[in-house]
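Okay, structure first, notes after.
The values are calculated or read from the model by the stated rules, or taken from the named source; none is laboratory data. Everything quoted here is computed from the prediction, not taken from an experiment. Neighbour counts are summed over all protein chains in view; Cβ atoms, including those assigned to glycine, are modelled from backbone coordinates with ideal geometry. Protein only, heavy atoms only, side chains kept; ligands, DNA and RNA dropped before computing areas. Shrake-Rupley method; radii C 1.70, N 1.55, O 1.52, S 1.80 Å.
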Amino acid sequence: MARSVLYLPASNARAIEKARTLPCDAVVLDLEDAVAPEAKVEARAAAVEAIRAGGFGPRVGVRINGLDTEWGGDDLDALAQTNVGFVVAPKVNDAGDSLGVLESLPGTTRLWAMIETPKGLLHMMDIAAMPRVEALMLGVNDLAAALGTGPSPDREPFKPWMASMVATARAYGLLAIDGVFNRFTDAEGFAAECAQGRLYGFDGKSLIHPSQIDGANAAFSPSEDEVAKARAVVAAFAAPEADGKGAIRVDGQMVERLHLVAAQRLLARLDPRA
Ligand code: COA
Ligand code: MG
């Protein structure tokens, strides 16, 4: 599961300590945008130490600086000496950028590719097709700046890219992680944006503050109603009357075997190891 993906600056020792106790599905120790240039080297050492010490939840990764910056290469070299679960690569423009990151890392380390540049949007499919890529992440702040989008309460300008990202992730069996919501004190706005992300099919959301975790976990978990309906579909197809049938009746509606597959997929998401 990757319902709640919490970022924190790797330069913030208190946030690292706190992240070990929080119920988020994934933690990303950031070396990039959240760390000032003068703190980059110290933050890298802190991230490596934190990964070695462990104690986080199911998934922990590090966001490196771009390989076209003075820090990116050293970030990769340092992480290559750890067993970090995944590396978040910022501003991935094409498959070549992914390869540059992956070839330095141990074979068990996965790549989470941030799509946050116009070129990244256009090459999303090639990026997703690379081996060891595990997730596509929408980087809304950089993307808004690069595209020149105007303010929009409903993320109107991002909708085509949100839909493209989910379709690409599904086509290649990857996680699709929605972008951050900056106004972390606006709980209502955050809940609405989580619901929108869920509607588009995202698996989870990038978070910047602990107060966003519970809302994201709830929004990206199957609801009780969805679970009950899925169980009814599975039970109906398991009954002897459904033998040899492609379409059956459940609660007054036509249900086909494709709905059975969707129901099984939904129920599988209840498994905490998923
Ligand atoms: N991860 C873990 N812990 C965090 C956290 C995070 N992202 N953000 C805040 N906290 C902790 C604080 O350390 C504080 O801990 P404590 O009081 O229990 O000791 C507690 O949560 C409350 O924090 P709060 O005072 O509300 O936040 P702040 O004003 O100190 O910080 C931000 C606000 C936005 C600067 C901070 O949340 C942050 O750095 N977020 C992540 C930014 C980031 O990584 N951006 C890159 C991706 S876009
Ligand atoms: Mg950024």
If amide H atoms are modeled at 1.01 Å from N in the peptide plane, then the residues at a separation of 5 or more from Ser4, or on another chain, having amide H under 5 Å from its own are Asp25, Ala26, Lys205
Starting from the Cα of Gln253, step 7 Å along the direction of its Cβ; do the same at Asp68; then give the gap between the two resulting points in nm.
-> 4.7 nm
Counting Lys and Arg as +1 and Asp and Glu as -1 over every other residue whose Cβ sits under 10 Å from the Cβ of Val35, the net charge comes to -2
Summing -39500 (n - 2.57) over the DSSP H runs of n ≥ 4 in the chain and dividing by its residue number, what mean residue ellipticity at 222 nm do you reach, to the nearest 500 deg cm²/dmol?
-> -12500 deg cm²/dmol
Where labels lie 7 Å past Cα in the beta-carbon direction, separation of Arg183 and Glu156 in nm = 1.7 nm
What translational diffusion coefficient, in µm²/s and rounded to a whole number, does the Stokes-Einstein relation yield for region 118-254 at 10 °C and a viscosity of 1.306 mPa s, taking the hydrodynamic radius as the Kirkwood radius over Cα pairs?
-> 92 µm²/s
Provide the FRET efficiency to the nearest 0.05 for the Asn141-Glu224 pair, computing r from the beta carbons and using R0 = 35 Å.
-> 0.55
Taking R0 as 35 Å and r as the Cβ-Cβ distance between Ser104 and Ile208, the FRET efficiency 1/(1 + (r/R0)^6), rounded to the nearest 0.05, comes to 0.80
Percent antiparallel among DSSP beta bridges confined to the chain, nearest 5, equals 10 percent
Arg110's amide H: which non-local residues (gap 5+, or another chain) put their own amide H closer than 5 Å, with H modeled 1.01 Å from N in plane and none for Pro or chain starts?
-> Phe86, Val87
What percent do you get for the relative contact order of the chain when only Cα pairs under 8 Å and 6+ apart count?
-> 16 percent
Give me the percent of the accessible area of the chain that comes from carbon and sulfur atoms, probe 1.4 Å, all protein chains in place.
-> 55 percent
For the chain: accessible area per residue (Å², 1.4 Å) | 48 Å²
Taking a straight Cα-to-Cα line shorter than 21 Å from Lys245, and setting aside same-chain lysines fewer than 8 residues away, one finds Lys229
Reachable lysines, given that their alpha-carbon falls under 26 Å from the alpha-carbon of Lys119 and they are not under 8 places away in the same chain = Lys91, Lys159, Lys205
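Kirkwood hydrodynamic radius, region 61-137, all distinct C-alpha pairs: what's the number in Å?
On the way: mean 1/r = 0.0831 Å⁻¹.
By the Kirkwood definition, the hydrodynamic radius is 12.0 Å.
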Rounded to whole Å, sorted largest first: equivalent-ellipsoid semi-axes of the chain, Cα gyration tensor | 35, 20, 19
Amide H contacts under 5 Å for Met130, restricted to residues at least 5 apart in sequence or on another chain and with H modeled in the peptide plane, are none
In order over region 83-89: 3J(HN,Hα) from phi, Karplus 6.51/-1.76/1.60, θ = phi - 60°, whole Hz, x for each Gly or Pro, gives 9, 4, x, 8, 10, 8, 9
The FRET efficiency for Asp33 and Ala191, from their Cβ-Cβ distance with R0 = 25 Å and rounded to 0.05, is 0.50
Expressed as a rounded percentage, what relative contact order does region 132-261 have, with Cα pairs under 8 Å and six or more residues apart?
-> 19 percent
Enter the accessible area of Glu17 (Å², nearest 10), with the probe set to 1.4 Å and all protein chains included.
-> 90 Å²
Can you check what the net charge comes to around Ala46, using other residues whose Cβ is under 15 Å from the Cβ of Ala46 (Lys, Arg +1; Asp, Glu -1)?
-> -1
Between Tyr172 and Ala239, what length in nm is gained on full extension when 0.36 nm per residue of separation is reduced by their alpha carbon distance?
-> 20.8 nm
If you keep only loop residues by DSSP, which GluC sites (Glu not before Pro) in region 65-144 have at most 14 other Cβ atoms within 10 Å of their Cβ?
-> Glu70, Glu103
